[in-house]
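So the structure is just underneath, and the comments pick up after that.
Every read-out reported here was derived from the displayed coordinates using simple, explicitly stated rules and does not represent laboratory data. Since the structure is predicted, the reported quantities are computational estimates derived from the model, not experimental observations. Reconstructed Cβ throughout: ideal geometry from the backbone, glycine too, with neighbour counts over all protein chains shown.
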There are 4 protein chains.
Amino acid sequence: MTRRLRMGMVGGGPGSFIGGVHRMAANLDGQIELVAGCFSSDPDRSRQSGADLFLDPARVYSDFCEMAEAEASLPADLRIDFVSVVTPNHMHAPVATAFLRKGFHVVCDKPMTATLQEAVALRDEVEKSGSLFVLTHNYTGYPMVKQAREIVRSGELGDILKIVAEYPQGWLLDSIENDGQKQAAWRTDPARAGSSCCIGDIGSHAENLARHITGLDIEALCAHFTTFVPGRLLEDDGNLLLKYRGGAVGVLHSSQISAGEENNLSIRIYGTKGSLAWYQEHPNELAFQPKGEPARTLRRGNPYLCEAAKKFTRLPAGHPEAFIEAFANIYLEAAADIRDRVDGVPSRARDYPTVDDGVHGMAFIETAVASAASESKWTPFLAA
Amino acid sequence: MTRRLRMGMVGGGPGSFIGGVHRMAANLDGQIELVAGCFSSDPDRSRQSGADLFLDPARVYSDFCEMAEAEASLPADLRIDFVSVVTPNHMHAPVATAFLRKGFHVVCDKPMTATLQEAVALRDEVEKSGSLFVLTHNYTGYPMVKQAREIVRSGELGDILKIVAEYPQGWLLDSIENDGQKQAAWRTDPARAGSSCCIGDIGSHAENLARHITGLDIEALCAHFTTFVPGRLLEDDGNLLLKYRGGAVGVLHSSQISAGEENNLSIRIYGTKGSLAWYQEHPNELAFQPKGEPARTLRRGNPYLCEAAKKFTRLPAGHPEAFIEAFANIYLEAAADIRDRVDGVPSRARDYPTVDDGVHGMAFIETAVASAASESKWTPFLAA
Amino acid sequence: MTRRLRMGMVGGGPGSFIGGVHRMAANLDGQIELVAGCFSSDPDRSRQSGADLFLDPARVYSDFCEMAEAEASLPADLRIDFVSVVTPNHMHAPVATAFLRKGFHVVCDKPMTATLQEAVALRDEVEKSGSLFVLTHNYTGYPMVKQAREIVRSGELGDILKIVAEYPQGWLLDSIENDGQKQAAWRTDPARAGSSCCIGDIGSHAENLARHITGLDIEALCAHFTTFVPGRLLEDDGNLLLKYRGGAVGVLHSSQISAGEENNLSIRIYGTKGSLAWYQEHPNELAFQPKGEPARTLRRGNPYLCEAAKKFTRLPAGHPEAFIEAFANIYLEAAADIRDRVDGVPSRARDYPTVDDGVHGMAFIETAVASAASESKWTPFLAA
Amino acid sequence: MTRRLRMGMVGGGPGSFIGGVHRMAANLDGQIELVAGCFSSDPDRSRQSGADLFLDPARVYSDFCEMAEAEASLPADLRIDFVSVVTPNHMHAPVATAFLRKGFHVVCDKPMTATLQEAVALRDEVEKSGSLFVLTHNYTGYPMVKQAREIVRSGELGDILKIVAEYPQGWLLDSIENDGQKQAAWRTDPARAGSSCCIGDIGSHAENLARHITGLDIEALCAHFTTFVPGRLLEDDGNLLLKYRGGAVGVLHSSQISAGEENNLSIRIYGTKGSLAWYQEHPNELAFQPKGEPARTLRRGNPYLCEAAKKFTRLPAGHPEAFIEAFANIYLEAAADIRDRVDGVPSRARDYPTVDDGVHGMAFIETAVASAASESKWTPFLAA
């Protein structure tokens, strides 16, 4: 195939954060071209976004169903190859479903849906469609996260005993949802965000990261949710004790009211033979401590790293890569897969999160919500 | 008073760790002289320790009751001014009681006793005796911990919302208690350590630190204890969710099986106006982040610090002080108080942990042990 | 203007490092489209690169003069708006000149030329052409570097007394230029790199950074060059003492043979009222220490930063940006300027390095080379 | 020998910094007892210091010659075993000489003397006396410095290519010598400090550290001295380029006017096989980077360290030791040697700086002073 992939986008209009991130991630490597979009259900806002992005006005929509329909009816050498869904959570399922049913591949932001039930239904849609579905759990795109996974898989940590995952932020310490901050407004609104704010938005990243690296499944958990800001309808702080299948224990704490914290996702994994630590705000480094030996710091871009960590690296060591590059790694891998489909090449193993990760993530969120409301210490992980 | 204080010691013989620390802490500032000791119940071992420490053999004992008796019967210008109790936990109460009853002041290692009941009884003994009782919760001796307390007290953090306290270690990852490691042997033995290993030995430091800095009391907690090393009788990993009186929440996790962790006590405190973070392995620094402003790093030895932080500082900024100096700060303050007693000077406010902190600490440990065994999520903090 | 800018590229074929960086930087923000290129003087290699980049084969060249000619003869709505020059150093001047003479704007990698004489001539060409010339001293694109500049300009450091700039790398510790490493081969070859390797390639970045932030000019310098790897023709380690006009002193050391160093550019600036420190490998943070106050850490993405630092920021605080984003900031600012030219809008103040910075940089390199060969302590800075 | 060593002290009265450090270092391990002193030439001040230190007034002097005489005439079981000299620099030689001539061992602060000539003469005195002479280049007492030395000696760095040593401080940024700050007053006074302030006081530590770890001798150096504070008679900033015998190069910069810097001594050593970095303000860690492998952080207190690093360690890993403990390591080793002399045991290899290090240090200072005044680039290292 001798052309860029053609991307459509739903969501990501004025005031959006994640829409712009998806666009930069898609742009970075020159493999993908944005050609169509439904950036807002308000036609003026959608049109303005399309113009700012140099799109053909004919391919700027304000109704996602109309967009799916219209794009599907375009000739094969014009229509989009896939759509990126970057709306608030409650719209992920309807939008993705509309495009899947028209035969498009889908890239979708997380959490995958607003409810576990929707997630299960979406999984069915994906299976029926035969299309690709890529969930942008972007932190798994970091090369040093790949390296962490490789260290665990290779047995260098021995048996995993304990996982400490954190995701503190401070941006919701004040009730900015009442001051017109769009991001805050929908994330704290049960109608758009779902049943959880802090765990849904960020705690779920921490859980996903732990599972991505270790492969461990949660057996039961104990959650403590607090809503610190008066009038807010969803929790802005969530802390969990975890039991993993196989005997490991976990602590997962997340917060949106922790003053001074920016986006401080981190994970520490302790095994019988050593431990790992990774901090998202310093993503080019991975601490690896083999038991009884000096601590090691592995850095992105070095020849001693595993193949997956080297594959998703653009710059030599010491030239730092960061959030957008990790996000773009999900897009790169999605693009490779979509390209194979377009070219009729047989499926290859690809390294990106799928609809199954999305279902699992929703089960995690709903288990945590149930536990937070329960007087029992342990709530079993919801089957899905 | 124109002389050094005279110290006796019970415990701290061959193979001890904390006995040597107490001696260095007492030596450092030239205010205290070790003159007598009962270092072991084995006469040969006690004698050997006394000789290594250049003591008069006549004042080296192998029975602490005999020591209390003998020292009390010496002339006032010879006998010890106070005793340091550095035995395993189960002996703290009997030894302290014996010396209190003979009129001696007592410095005692933590946890104060093996049970809450003993702790309450010891508090009664202290009250009856009129003597001073100093508990070496040594981490409160660090100048930057004093500074943290001052920042909270002064209202610079606003209302406290969340506390994250950690104490991971890795030294008990193998069953070294079976290989003759004395420290491991008694700490994992219920008969000598009490009902908890990980929370009793180190989690209690984390709780004490949180309470020392914030003054907050726990309302209820939810504990998850695990014993990872087969055959061990007490937990080697303990994780807690906490509710504080007044509405703050907490996460406290501690471990002795976390490979690569050395003595990584830390505390982060989040309030409505800002946050603090302190890491014991880098004790000369305190991170203070006022909401919406650049992060600040306060460093020991600077004029901008509070009086308490400046008082307990020996060296100019950049000449690091560490564990022994912090420990010695407890001794310095204890010595000042004992000196006042000896001199007949009226009591002044002193900045060291007391028998009340010891009772509180035991209530914390027993609440955690009870919660760990309970199926209910929240266990109310034990009154004492 | 309602379209992306059209970019051509000269250099950046197979084995190139910086060509790919320029492309990612140009792609990131969706403002620029690569439409033509002369990636190699070998037609096959150039063609292959063009195909990999999805270019129209008709606009892939193997002779840069031919490319300048051909593009200039295309209709205005097709031809490139500007060219990016990413060849080895010795080709910068001839390529840039060819395109300037055809009326194209130029973005050029650094050092600007192979000799100071060439640089002066190129400055004349730029002036004659009336076109824009943008030098990609990319480290000045970092938001926290802008913030550092603002702190100095605002007087918060007082008078500058001392600057310590470092640029250690380790990648040339072995003679990899003899093993087919293209980057190493041309950088250590006087015919392609010019009269200096270590100072020319990286020391010049450190000097540029110091000057960008402080505005200080060097009065005289004392250089010590060493070639550690046998057979190498240019220095692989260069260390300088500096006297700045106005009385400040400097230390600048750079190396390509420092094992374990990756790309460790840093700068520390000391004034009468405070100091600054910035480390390229952790670019989202800037240390600012007002005299007598706690150290402050300023982080990218926060409201307390200056306008320039906020302007060149894409993500919220804590979502790290890095090397490519900083590089893209140069492209963003260049694009804005070129767009104004295309739109016939009057020139606005723009924040990117120009041909004057390029001439200054070459004067620095040649002064350092002269000093390294001299027995006198101080060599006056070459006028240009 | 079944007693503590008896120490006398000259210097260290009210307002002194280093006197108190020597006393704490001597106290720490319970091996040494301060029994006599001449703390000031002002009898009242000396007496007051003696009283504060609980000394017998009969052994508090205000004339060091009288003290040497008087102590020498005491019975062997009373008189001091050695003297610690902690006066300003210009008094080191006369005081040390007086005590050497009376047969006492000497511990002396650095720089050893005020001039190289004095240093050579003192070396002769030491040799004639047969007594021990211990120079407190205290930074060599840090366990991780011993470890660094071991790594170099064992060949793990290969051939040393480059050394970067820094010692920035900021405490003399204002002319506090005019405000009654005693430390500043004598250090900036040529009559008491000698011919150099910044290099003499702290640059000499950096040079000593480099030599201690690598064993490399300087062949020639190029120094740039600046006096930033008006009216000051000695330099407050000193930067050097260095050539080592055997081909290594060096950069050594030191400053006392660098705002925000506290006591930021550091050293980085680059060899053909790897590199090391150590930072005095975080002394429990040593960075070791074998070429092509992950960076390693070695931490004090671990079994994987060399014997010398383990020998000079009092606490388990993670319980930080710092400045006083390192200083005390010099005293411990001196005490062991003195004890052997007292006991008539044959001399053993001891790990502390000697009179030869002192002579070397003075040669370094005088070479730097000569270079700073020279127009030639390179000044050969002074023979002594």
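Mind scanning B:Lys162/B:Lys377; D:Lys128/D:Lys182; C:Lys182/D:Lys243; D:Lys162/D:Lys273 and naming the pairs with a C-alpha gap bigger than 24 Å? Long pairs (Cα-Cα over 24 Å): D:Lys128/D:Lys182; C:Lys182/D:Lys243.
Taking 15 Å as the straight-line reach from the Cα of B:Lys110, the aspartates and glutamates in range (excluding those fewer than 8 positions away in the same chain) are B:Glu118, B:Asp201, B:Glu207, B:Asp356, B:Asp357, B:Glu366. Inter-copy label distances at C:Pro57, shortest first and taken from points set 7 Å along Cα to Cβ: 3.8, 10.3, 10.7 nm.
Scale the Cα Rg of chain A by the rule-of-thumb value 2.2 N^0.38 Å and send over the ratio, two decimals.
Details: Rg = 20.6 Å, N = 384, 2.2 N^0.38 = 21.1 Å.
So the Cα radius of gyration is 0.98 times the expected 2.2 N^0.38 Å.
Got a sec? Charge dipole of region A:251-384, +1 on Cβ for Lys and Arg, -1 for Asp and Glu; which of A:Ala370, A:Gly271, A:Val345 is way out at the positive end? Result: A:Gly271. The mean number of Cβ atoms from other chains found within 10 Å of a Cβ in peptide C:231-244 is 2, as a whole number.
Within 10 Å of each residue's Cβ, count the other Cβ atoms and sort A:Arg314, B:Arg341 from fewest upward.
On the way: A:Arg314 20, B:Arg341 16.
Least crowded to most crowded, the residues run B:Arg341, A:Arg314.
Identify the residues of region A:203-217 with backbone N under 19 Å of a label point that sits 7 angstrom from the Cα of A:Thr272 along the Cα-to-Cβ direction, or state none. Residues A:214-217 qualify, since their backbone N sits under 19 Å from the label point.
The mean number of partner chain beta-carbon atoms within 10 angstrom of a residue's beta-carbon across peptide D:368-377 is 2.
How much of the calculated P(r) for region C:90-210 lies past 21 Å, in percent of all Cα pairs?
On the way: 3843 of 7260 pairs.
Above the 21 Å cut-off, region C:90-210 has 53 percent of its Cα pairs.
Each part gets one Cα centre, and for region B:286-365 versus region D:346-366 those centres are 38 Å apart.
If you put +1 on each Lys and Arg Cβ and -1 on each Asp and Glu Cβ, how big is the dipole of the protein assembly as shown around its Cα centre, in Debye rounded to 20?
Details: 152 positive and 196 negative charges, 1 e Å.
Dipole magnitude for the protein assembly as shown comes out near 0 debye.
The distance between label points at C:Tyr279 and C:Ala308 comes to 2.4 nm (points 7 Å beyond Cα on the Cα→Cβ vector).
Pop the C-beta distance of C:Ala336 and A:Arg101 into the FRET formula with R0 = 51 Å and round what comes out to the nearest 0.05. Mind dumping the intermediate values first?
Details: r = 42 Å, r/R0 = 0.82.
Efficiency computed from Cβ-Cβ geometry: 0.75.
What length, rounded to one decimal in nm, is gained on full extension from D:Asp343 through to D:Lys182, with 0.36 nm per residue of separation minus their alpha-carbon distance? Please report the intermediate quantities before stating the final value.
Numbers: separation 161, 0.36 × 161 = 57.96 nm, distance 4.01 nm.
My answer for the length gained is 54.0 nm.
Based on C-alpha pairs under 8 angstrom that are at least 6 apart in sequence, region B:5-131 has a relative contact order of 24 percent. How much FRET efficiency would the formula 1/(1 + (r/R0)^6) give for D:Arg350 and A:Glu375, where r is the Cβ-Cβ distance and R0 is 60 Å, rounded to 0.05? The formula returns an efficiency of 0.35 here. Restricting attention to the protein assembly as shown, close to 60% of DSSP beta bridges with both partner residues there are antiparallel. Each DSSP beta bridge with both residues in chain C is either parallel or antiparallel, and the antiparallel ones are about 60%. The modelled label-to-label distance for the pair C:Asp63/C:Thr2, using points 7 Å beyond Cα in the direction of Cβ, is 4.0 nm. Dividing the C-alpha radius of gyration of region A:159-310 by 2.2 N^0.38 Å, with N its residue count, gives 1.17. Computed from backbone phi with θ = phi - 60° and the Karplus coefficients 6.51, -1.76 and 1.60, the 3J(HN,Hα) list for region A:165-180 is 10, 10, 8, x, 10, x, 6, 9, 5, 9, 7, 5, 5, 8, 10, x Hz; x is used for glycine and proline.
Annotation: aspartates and glutamates with alpha-carbon distance below 17 angstrom to A:Lys310 (same-chain offsets under eight excluded): A:Asp29, A:Glu150, A:Glu285, A:Glu321, A:Glu325, A:Glu333, A:Asp351, C:Glu262, D:Glu293. Computed from label points 7 Å out along Cα-Cβ, the spacing between B:Asp77 and C:Ser175 is 8.3 nm. In summary, the protein assembly as shown shows an alpha-carbon radius of gyration equal to 0.97 times the 2.2 N^0.38 Å reference for compact globular proteins. Okay, helix-only estimate at 222 nm for chain D: each DSSP H run of n ≥ 4 adds -39500 (n - 2.57), divide by all residues, round to 500 deg cm²/dmol; what do you get? Computed mean residue ellipticity for chain D: -10000 deg cm²/dmol. Applying the criteria of a DSSP loop state and at most 11 other Cβ atoms within 10 Å to the GluC sites (Glu not before Pro) of region B:293-384 yields B:Glu375. Pairwise inverse Cα distances across region A:12-139, averaged and inverted, put the Kirkwood hydrodynamic radius at 14.8 Å. If the Kirkwood radius is taken over C-alpha pairs of region B:296-384, then at 20 °C and 1.002 mPa s the Stokes-Einstein diffusion coefficient equals 129 µm²/s.
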